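A.B. asks: Can you read through this structure? Questions will come right after.
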Amino acid sequence: MTSDTTEITLARTLQPQEVASVLARVTEIRPRVQCLTNTVAQNLTANMLLAFGAIPSMAIHVDEVAAMAEGAGAILINIGTINAESELAIPKLLEVARDHRKPVVFDPVFVELSPLRRHIAGQVLRLPDTLVRGNATEMAALSFDLAAAKGVTRVTTGKVDRIESGQASFAVAHGHPLMTRVTGIGCAAGALIAACCAVEANKAVAAAAALTAYGIAGEIAAERCRGPGSFEVELIDAVAAMDAATLAARMGSGR
Ligand SMILES: Nc1ncnc2c1ncn2[C@@H]1O[C@H](COP(=O)(O)OP(=O)(O)O)[C@@H](O)[C@H]1O
Ligand SMILES: Cc1ncsc1CCOP(=O)(O)O
Ligand SMILES: [Mg+2]
């Protein structure tokens, strides 16, 4: 017997057809994702979005990011190589997101390492309903800010991805350790999540679908590659080839 009123939500795994449904909407609608991202991951992020069936736009100029974001299906903000200009572009993107109700995915790269990153993360998290995707270190560094953020969806990636929102909680156990051996793979994950948020209103479902497909693509790429270099190429190919049959075969019927 307990008087504890804490609500415990058990993490669930999406069914293959739920993942396939989100992916099918991405390939049908071809949402454009406006990515303000870091210079290291720009190219991989754009290629991964194309492989996924979405359209990348990587504009960064402070005087045009708002115009570029207005017609986009979702906005990605990644602070990996934040500089004086991109710091000014972020409030412009947040304004568009607020005024036009665009989904925002925020990747707090290395937020644990610098006060500037911490400050910008605080700014972004003032926008309600933001999805934050980071690794365990980044998400731990932001734990207080995340607890205070309104309507936030928390996506902590790693061996098992954990997705938590007010609506739902998912775990994704797909992926391969080689995904940690190529720079930009986490950043590109945020972009795929953003593409799914453009076509699926439940952000936790969108993130779980993107990470399930991405993780399975990572498993397939690992079987085909010769090391980290060819893994990157195989990962793009496996994302491009992902379909309902592959999802069903790799996820099993009841998982
Ligand atoms: N040990 C692991 N085994 C399988 N997949 C992993 C592992 N670590 C990370 N991944 C996958 O790699 C991708 C990037 O996650 P992560 O490495 O946490 O991000 P970051 O590159 O930002 O640190 C995610 O899709 C995640 O599921
Ligand atoms: C190495 C590095 N330095 C600044 S941004 C960046 C890329 C980080 O990419 P990821 O988190 O996806 O490995
Ligand atoms: Mg990262």
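A.B. asks: Give the range of the longest stretch in the chain that excludes all GluC sites (Glu not before Pro) found in loop regions by DSSP and having at most 16 other beta-carbon atoms within 10 Å.
C.D. replies: 65-255
A.B. asks: Hey, can you grab everything whose amide H is under 5 Å from the amide H of Ala59? Only 5+ residues off in sequence or another chain; H modelled, so Pro and N-termini drop out.
C.D. replies: Cys35
A.B. asks: Rounding to the nearest 20 debye, state how big the charge dipole of the chain is about its Cα centre with +1 on each Lys and Arg Cβ and -1 on each Asp and Glu Cβ.
C.D. replies: It works out to roughly 240 debye.
A.B. asks: Magnitude of the Cβ-charge dipole of segment 104-255, K/R +1 and D/E -1, about the Cα centre, nearest 20 debye?
C.D. replies: Computed charge dipole of segment 104-255: roughly 280 debye.
A.B. asks: Leu113: net charge of surrounding residues, Cβ under 15 Å, Lys/Arg +1, Asp/Glu -1, itself excluded?
C.D. replies: Net local charge, Leu113 excluded: -1.
A.B. asks: If you wrap segment 116-161's Cα atoms in a convex hull and average its projection over all directions, what's the area in nm²?
C.D. replies: Mean orientational projected area (segment 116-161, Cα hull): 2.9 nm².
A.B. asks: List every residue whose amide H lies under 5 Å from the amide H of Gly151, counting only residues 5 or more places away in sequence or on a different chain, with H placed 1.01 Å from N in the peptide plane.
C.D. replies: Asp129
A.B. asks: Further question on the same structure: Can you give the relative contact order of the chain as a percent, counting alpha carbon pairs under 8 Å and 6+ residues apart?
C.D. replies: Averaging sequence separation for qualifying contacts and normalising by length gives 24 percent for the chain.
A.B. asks: Can you sort Thr39, Thr246, Thr153 by 1.4 Å-probe accessible area, starting with the largest?
C.D. replies: Solvent-accessible surface, decreasing: Thr39, Thr246, Thr153.
A.B. asks: Against the empirical 2.2 N^0.38 Å scaling, what ratio does the C-alpha Rg of segment 1-119 come to?
C.D. replies: Segment 1-119 yields a ratio of 1.30.
A.B. asks: For segment 79-142, what are Rg and Dmax over the alpha carbons, in angstrom?
C.D. replies: Just the Cα atoms of segment 79-142 yield Rg and Dmax of 11.4, 32 Å.
A.B. asks: Kirkwood Rh, segment 24-79, all Cα pairs: how many Å?
C.D. replies: Taking every pair of different Cα atoms in segment 24-79, averaging 1/r and inverting gives 11.4 Å.
A.B. asks: Using the Karplus curve 6.51 cos²θ - 1.76 cosθ + 1.60 with θ = phi - 60°, what ³J(HN,Hα) values do you get for each residue of segment 71-83, in whole Hz, with x for Gly and Pro?
C.D. replies: x, 7, x, 7, 10, 10, 10, 10, 9, x, 10, 4, 9
A.B. asks: Shifting gears a bit: Might you tell me the accessible area per residue for segment 16-240, computed with a 1.4 Å probe and given in Å²?
C.D. replies: With all protein chains present, segment 16-240 gives 41 Å² per residue.
A.B. asks: Also: What 222 nm value per residue comes from the helices of the chain, counting each DSSP H run with n ≥ 4 as -39,500 (n - 2.57) and dividing by all residues, nearest 500 deg cm²/dmol?
C.D. replies: The helix-only estimate for the chain comes to -15500 deg cm²/dmol at 222 nm.
A.B. asks: Next question, about the same structure. For segment 42-52, what does the Karplus curve 6.51 cos²θ - 1.76 cosθ + 1.60, with θ = phi - 60°, yield as ³J(HN,Hα) per residue in whole Hz, taken in order and with x for Gly and Pro?
C.D. replies: 3, 5, 4, 4, 5, 5, 5, 5, 5, 4, 7
A.B. asks: Go through Ala136, Phe110, Gly166 and say which Cα lies farthest out towards the positive end of the charge dipole of segment 16-240; charges sit on Cβ, +1 for Lys and Arg, -1 for Asp and Glu.
C.D. replies: Ranked along the dipole, the leading option is Gly166.
A.B. asks: Which distance in Å, rounded to a whole number, links the C-alpha centroids of segment 196-227 and segment 6-75?
C.D. replies: The two parts, judged by their Cα centres, are 11 Å apart.
A.B. asks: Looking at segment 155-203, what % of the alpha carbon pairs are farther apart than 12 Å?
C.D. replies: Summing the P(r) of segment 155-203 above 12 Å gives 68 percent of all pairs.
A.B. asks: Compare the Cα positions of Asn202, Asn47, Leu76 along the charge dipole of the chain (+1 at Cβ of Lys, Arg; -1 at Cβ of Asp, Glu; about the Cα centre) and return the one farthest towards the positive end.
C.D. replies: Toward the positive end, the furthest listed residue is Asn202.
A.B. asks: Can you give me the % of accessible surface on the chain that is carbon or sulfur? Probe 1.4 Å, all protein chains present, nothing else counted.
C.D. replies: Of all accessible area on the chain, carbon and sulfur atoms account for 53 percent.
A.B. asks: Moving on to the next point. For segment 128-134, just list the computed ³J(HN,Hα) in residue order, Karplus coefficients 6.51, -1.76 and 1.60, θ = phi - 60°, integers in Hz, with x standing in for Gly and Pro.
C.D. replies: These are the phi-based 3J(HN,Hα) values: x, 6, 6, 9, 10, 10, x Hz.
A.B. asks: Normalised by the empirical 2.2 N^0.38 Å for globular proteins, what value does the Cα Rg of segment 16-240 take?
C.D. replies: 0.92
A.B. asks: What residues have an amide H closer than 5 Å to that of Asn135, excluding those fewer than 5 places away on the same chain, when H is modeled at 1.01 Å from N in the peptide plane?
C.D. replies: Thr157
A.B. asks: Lysine pairs in segment 16-240 8 or more apart or on different chains: how many have alpha carbons under 18 angstrom apart?
C.D. replies: For segment 16-240, the number of qualifying lysine pairs is 4.
The values are calculated or read from the model by the stated rules, or taken from the named source; none is laboratory data. This structure is a prediction, so every number in the text was calculated from the model and none was measured. Backbone-built Cβ (ideal geometry, glycine too); neighbour counts: all protein chains shown. Surface accessibility is based on the protein's heavy atoms, side chains included, excluding ligands, DNA and RNA. Shrake-Rupley method; radii C 1.70, N 1.55, O 1.52, S 1.80 Å.
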